[in-house]
Structures are given as C-alpha cells and as structure tokens.
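Here's the structure we're looking at; comments come further down.
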Amino acid sequence: MKIRHLLLPALLAFSAVSAMADDCAVTIDGNDSMQFDKKAIVVGKSCKKFTVTLTHSGKLAKNIMGHNWVLTKTEDSQAVATDGVGAGVDKNYLKAGDTRVIAATKVVGAGESTSVDVPLDKITKQGSYTFFCSFPGHIALMKGTFSLE
Ligand code: ZN
C-alpha cells in the first residue's frame, strides 16, 4: 500500500509530460472505481492522426469491471451504449456494424491496454463528441468530451 502511494504521483507526472511531448496521442486510464482519469480530450491543431491508448490500472477482470473507449457524436452516445449492452463482452459491448461509432477499442481488464486511431476526417470543429465506456452501466460515470483545438 505504501509503495502504491509513492508510485502513483510519479506515474501521473510521467504521463503528463508524455502528453505534452506528443499531443497527437493520449493515454487514458480506467480503474476499479469505474472512472476514467480524463474528462476531456483535445486534439491539437497540427495533428494529422490521433491515437488513443486505453489502460486499466485496476485489479478486476474485464467481465466484471471491463473498460473500453468509444467515441460517438454526443447525441448518439447514450443510444450506442444502450444498444451495446446485449452484445456482450466478447463483442466489446457494441452492436455489430454500428455506424454511429466513430472509433472504439476492445474491452480490457486489469493490467491490459489497447489503442485505436481516431479518424480525424470524421471530426469537425463545430461538432459535439463524447467518449465513454460501453460496459453496461459505465457511461453514467465514464464519459468525457472530445474536441478539436
Ligand atoms: Zn468501463
């Protein structure tokens, strides 16, 4: 427990530095408290591509506390999450062929990570976009805004 408390600030400081060094990629973490460590992701003006890496710093398996990172228009987010519940963990809690999904990672559990490239040609400066976890019920806490600088 003591070690964990010492390590955590160091890890957070490290990831902040990484984000500034390369603003065309971001790492976002999900934990066992059903929380992402970021509420907003802003894509830099100069980015031609943008990569999101999702990590899971918790201890629980993906069938219990799994997380994914899904990006849709804000108006579609709740419906995509609702429609994904029946798909199950093997289909990453997303309805097959859901064209409302702009980008999505697979579901990960404790200690795992995954990444996805966001197709920036589908993102406009005027649009409103929301990222969330589509694991059943998680969108209530695990969501944030995605925008262009
Ligand atoms: Zn989740």
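Over 25 Å apart: what share of the alpha carbon pairs of the chain falls there, rounded to a whole percent?
Distances greater than 25 Å cover 26 percent of the Cα pairs.
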- request: Indicate, rounded to the nearest 5 percent, the antiparallel portion of the DSSP beta bridges found entirely in the chain.
  value: 65 percent
query: List the cysteines of the chain that have no other Cys Cβ closer than 4.7 Å: which are they?
result: Cys133
statement: Once Lys and Arg are counted +1 and Asp and Glu -1 for all other residues with Cβ under 13 Å from that of Ile139, the total becomes -1
statement: Whole-percent carbon and sulfur contribution to the accessible surface of the chain (1.4 Å, no ligands, DNA or RNA) stands at 59 percent
- line: In order over the stretch 56-70: 3J(HN,Hα) from phi, Karplus 6.51/-1.76/1.60, θ = phi - 60°, whole Hz, x for each Gly or Pro, gives 10, 8, x, 10, 9, 5, 5, 7, 9, 9, x, 9, 10, 10, 10
field: Rounded accessible area per residue of the chain, 1.4 Å, Å²
entry: 56 Å²
task: Enumerate the amide H contacts of Leu148 below 5 Å, restricted to partners 5 or more residues apart or on another chain; note that Pro and chain-start residues carry no placed amide H.
output: Val43
statement: From DSSP H assignment alone, runs of 4+ in the chain each adding -39500 (n - 2.57), the sum over residues rounded to the nearest 500 puts [θ] at 222 nm at -7000 deg cm²/dmol
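The values are calculated or read from the model by the stated rules, or taken from the named source; none is laboratory data. Just so it is clear, the model here is predicted, and its values are computed rather than measured. Positions of Cβ are backbone-derived with ideal geometry, glycine not excepted, and every protein chain shown enters the neighbour counts. Quick note on the areas: whole protein, heavy atoms, side chains included, nothing else; ligands and nucleic acids left out. Shrake-Rupley method; radii C 1.70, N 1.55, O 1.52, S 1.80 Å.
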